[in-house]
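Step one of this worksheet: look at the structure below.
The values are calculated or read from the model by the stated rules, or taken from the named source; none is laboratory data. Treat the numbers as computed from the prediction; the structure is a model and nothing was measured. FYI the Cβ positions are ideal-geometry reconstructions off the backbone, even for glycines, and counts take in every protein chain you see.
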Amino acid sequence: MVGYLFAGQGSQYAGMGKDLYESFPESKAVFDKADKILGFSLSGLMFRGEAEMLKLTINSQPAILTASIAALEAFRARNDVKPELMAGLSLGEYSALVASGTLTFEAGIKLVRKRAEIMDEAARRNPGKMAAVLDLPAEKVKDICLKSGAEIANINAPGQIVISGKAEAVTKAKELCEQAGAKRVIELDVSGGFHSSLMFEASAELKHFLDNTPFSSPVVPVVSNYTATPQYKISQVIENLTLQMYSPVKWEPSMRFMLGQGITKFFEFGPGKVLKGLMRRIDSNAQVTSIEKKEDISGR
């Protein structure tokens, strides 16, 4: 059985998607549509822009969604591989919802752009940061968060938990994690304390836009970051996307659910190979194929 996975924020890089655009008409159509919908050359920013500009939340989120769907459409045109379930890491959940037919690409990219604007504004009002804690038991990380005021943002894989919150709280938690024996604590290249209570007010604003976005019942169910279970009803999708904004991303539980359903082969769409790396930690027997560049797309 097959599952589709979609990249999250932080995996962006300058030049991503350019070879897809130049090689596949299906990919070019996705980039051209994104530029038209947004009213500016997102593709130009992705292909030729500076990494610092692409790092900005308002640019990186629609860019990653576009690159992910561009890779998916080129792959679909050349392969008849049907997934049983889909999932995406944080932002990637929106790409999964587009891929599943729950959102159109137009609705998805508009929603992601608005989500990014809301998150960016929330980050300005309530500054924060995020850090990945490597090889420290989850219970220790949770205890340190209670002591420092930081919060668990992502349960990514055994030995990888992301913390979030106010800058001083994350800095304190980083020190305590290092003292407790963490292999490394790496500050993430993002512009705010996402998936924490700093985003609580922003989630209400997002809910307004979700309520006014056209959704359809999924053709393929998407496993929610919030519940780590599949979503079948539109009302579930809207509620879970709202809660996802300030709640921990349960990636490891989501992958364990998919594995438990008998999925052993995964395709990861979008920039980078982060999800492949996480799966190695979760279940080294699972096969993950990254679909990111021209050479990754061939008849299978």
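From the list SER284, SER196, the lone residue that is without any contact (Cβ under 8 Å) to a residue 12 or more places away in the chain and over 30 Å from GLU22 (Cα atoms) is SER284. Would you point out which residue out of ALA7, ALA63 is within 20 Å of VAL288 (Cβ to Cβ) and either in contact with a Phe, Trp or Tyr (Cβ under 9 Å, 6 or more places away or on another chain) or not aromatic (Phe, Trp, Tyr) (or both)? Testing whether each residue is within 20 Å of VAL288 (Cβ to Cβ) and either in contact with a Phe, Trp or Tyr (Cβ under 9 Å, 6 or more places away or on another chain) or not aromatic (Phe, Trp, Tyr) (or both) leaves just ALA7.
Taken over the stretch 241-254, the residue count meeting the criterion of being under 14 Å from the mean Cα position of the chain (by Cα) and assigned to a helix (DSSP H, G or I) is 5.
Filter the stretch 185-199 for residues that are in a helix (DSSP H, G or I) and in contact with a helix residue (DSSP H, G or I) (Cβ under 9 Å, 6 or more places away or on another chain); which is farthest from TYR94 (Cα to Cα)?
Applying the first criterion (in a helix (DSSP H, G or I)) to the stretch 185-199 yields 197-199.
Now drop any that are not in contact with a helix residue (DSSP H, G or I) (Cβ under 9 Å, 6 or more places away or on another chain), which leaves 198-199.
Numbers: LEU198: 21, MET199: 18 Å.
Ranking the qualifying residues of the stretch 185-199, first place goes to LEU198.
Could you grab me the full set of residues in the stretch 212-239 that are in a loop (DSSP other than H, G, I, E, B), free of Cβ contacts under 8 Å to residues at least 60 places away in the same chain and either surrounded by fewer than 16 Cβ atoms within 10 Å (Cβ to Cβ) or not aliphatic (A, V, I, L, M) (or both)?
Taking the stretch 212-239 and keeping what is in a loop (DSSP other than H, G, I, E, B), we get 212-221, 224-229, 232-233.
Checking the rest, the ones that are also free of Cβ contacts under 8 Å to residues at least 60 places away in the same chain come to 212, 226-229, 232-233.
Within the stretch 212-239, ASN212, TYR226, THR227, THR229, TYR232, LYS233 qualify.
Kindly indicate whether LYS28 is farther than 24 Å from PHE266 by Cα and either surrounded by 16 or more Cβ atoms within 10 Å (Cβ to Cβ) or in contact with a Gly (Cβ under 9 Å, 6 or more places away or on another chain) (or both). Spell out how you get there, then give the answer.
Working: farther than 24 Å from PHE266 by Cα: yes; either surrounded by 16 or more Cβ atoms within 10 Å (Cβ to Cβ) or in contact with a Gly (Cβ under 9 Å, 6 or more places away or on another chain) (or both): yes.
So LYS28 fits the description; yes.
Looking across the stretch 247-262, the residues that are touching a residue at least 60 places away in the same chain (Cβ under 8 Å) and surrounded by fewer than 19 Cβ atoms within 10 Å (Cβ to Cβ) come down to PRO253, GLN261, GLY262. Within the stretch 78-89, being crowded, with 24+ Cβ neighbours inside 10 Å and either in a loop (DSSP other than H, G, I, E, B) or not aliphatic (A, V, I, L, M) (or both) holds for GLY88, LEU89.
Can you tell me which residue among PHE31, PHE47, PHE75 is over 15 Å from GLU106 (Cα atoms) and either assigned to a strand (DSSP E or B) or at pLDDT 95 or above (or both)? The conditions single out PHE75.
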